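The values are calculated or read from the model by the stated rules, or taken from the named source; none is laboratory data. Note that the structure is predicted; figures quoted are calculated from it, not measured. A quick note on method: Cβ atoms are made from the backbone with ideal geometry, for glycine too, and the neighbour counts reach across all protein chains shown.
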Amino acid sequence: MRTLETVLAEHPFFAGLEQRYLQIIVGCASNVVFEKGQIIFREGEEANRFYLIRQGRVALEVHAAGIGTLTIQTLDAGDILGWSWLVPPYRWHFDARAVELTRAIALDGECLRRKCEEDHDLGYELLKRFAEIITQRLQATRLQLLDVYGAEGHISRRGGT
Amino acid sequence: MVPRPFRLRQVRRETHDTFTLELEPADGSDSFCFRAGQFNMLYVFGVGEVPISISGNPTNPHVLMHTTREVGTVTKAMGKLRSGDVVGVRGPFGTPWPVEHAEGADVVIVAGGIGLAPLRPALYHLLAHRDRYGKIVLLYGTRTPGDILYRRELQRWRAQFDLEVHITVDRALSGWRGNVGVVTSLIARAPFDARNTVALVCGPEIMMRFTVLELQRRGVSPSHIYVSLERNMKCGVGMCGHCQLGPFFVCKDGPVFSYNKVQHLLEKREI
């Protein structure tokens, strides 16, 4: 049977992380399962966890008056769900919903923050990894904001004149 | 340089602002040969002429297909054409996708928006010669689920075991169960061997720039990445200079270029 430590070590987010840090982190980890359609967290709730998705798909959603619920991003196996646990005031900014049966490892944010305060090297390792993810998502968001597939994004050959 | 008359068999509505013209020669000849990635100059008589990529099947030369979006005077007039109407066709022009060069390798096709139209002939070719290629992966990004082109065909291809199709949209209402996010986010986990992959990329230029970065990060060699460029083409044969890009005329030396060849030009803001 695979232990949580093994599963953590195999997840891309923790690739290359020293064994001693994995042993610390595993103390804050637990397996979780979300049924299709289940709300994982809601905007404004306390952000006290993050998730390593192992299987399934999660939609990040926002409710807009007059439009309805919009999906702004989906996350799949190998992705990280949530970083609001890392930054005060530790509140979720969006809703997260399992689009299909989703298995993940939940990491207790409060527990991790405490361990990072005790061991700044561990904190730095984690922050480096989160900074990379936050950067990727910021760049992706900028591309989405550019609305490159809109009519203005095309000129003659494929868009017509 | 003289347009050949082609009769419209059918106008197929793809999305709210895109449509496909199905044309056949009106002069009695029975075929129109082209290579995947090439384009034609289409002339709506009395309105004007525009360059439009061929979106049909190169292994079926009896029907000529063009998919375009209604954005200007000519394409709006095109959208109003009916079966039996006649348009002028000059072409085929330009360089094709390097489908022969890709033989023996995995092929990853990255399309953005209506950029899927010029790539569809390449997909037809790859599937018609399936045993010559490794994995074939289509990564397609578009604005919303309502903007997805060739929906039925994509569903059919998706059901095939020898082709991977991944679609993502920039935004969706909560009923959509597929991916939401930019097309570049699909590249990291797409199933292809980066050391032996040829990538064909077509979409808005900014999307292609970020796609190339992501492909390179994944390990695909820039010499194995091909992009299809758009510039304002008029003559189609490299005479008028409208589509000049540095030392190239996109209509004649392109539209398909090896990324290596044009990388330095795409980074220049002055051209």
Seminar exercise, completed: For the stretch B:121-136 the number of residues that are buried (at least 16 other Cβ atoms within 10 Å of the Cβ) and under 23 Å from B:GLN38 (Cβ atoms) is 9
For this session: Only one of these is at positive phi and in contact (Cβ under 8 Å) with a residue 24 or more places away in the chain: A:GLY66, A:GLY78. Name it.
Result: A:GLY78
Seminar exercise, completed: Flagged in the stretch A:32-79 as more than 10 Å from chain B (Cβ to nearest Cβ), basic (Lys, Arg) and surrounded by 14 or more Cβ atoms within 10 Å (Cβ to Cβ), in numbering order, are A:ARG49, A:ARG54
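Among the residues of the stretch B:46-69, write down those that are more than 8 Å from chain A (Cβ to nearest Cβ), outside any loop (DSSP other than H, G, I, E, B) and of a type outside the set (Ser, Thr, Tyr).
At the first step, the residues of the stretch B:46-69 found to be more than 8 Å from chain A (Cβ to nearest Cβ) are B:46-47, B:49, B:54-67.
Of the ones still in play, those that are also outside any loop (DSSP other than H, G, I, E, B) are B:49, B:54, B:64-67.
Selection gives B:GLU49, B:ILE54, B:LEU64, B:MET65, B:HIS66.
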Problem set entry | Single condition B:PHE34 does not satisfy, out of (1) at pLDDT below 95; (2) in contact with a His (Cβ under 7 Å, 6 or more places away or on another chain); (3) in a loop (DSSP other than H, G, I, E, B) | (2)
Exercise. Out of all the residues in the stretch B:70-86, which are over 21 Å from the mean Cα position of the chain (by Cα) and within 14 Å of chain A (Cβ to nearest Cβ)?
Worked result: B:THR73, B:ALA77, B:LYS80, B:LEU81
Problem set entry | Checking B:VAL87 against (1) crowded, with 22+ Cβ neighbours inside 10 Å; (2) on the phi > 0 side of the Ramachandran plot, the condition it does not meet | (2)
For this session: Quick one: which strands (runs of 3 or more DSSP E) lie wholly within the stretch B:120-211 and hold at least 1 residues that are in contact (Cβ under 8 Å) with a residue 12 or more places away in the chain, of a type in the set (A, V, I, L, M, F, W, C) and within 12 Å of chain A (Cβ to nearest Cβ)?
Result: B:164-169, B:197-202
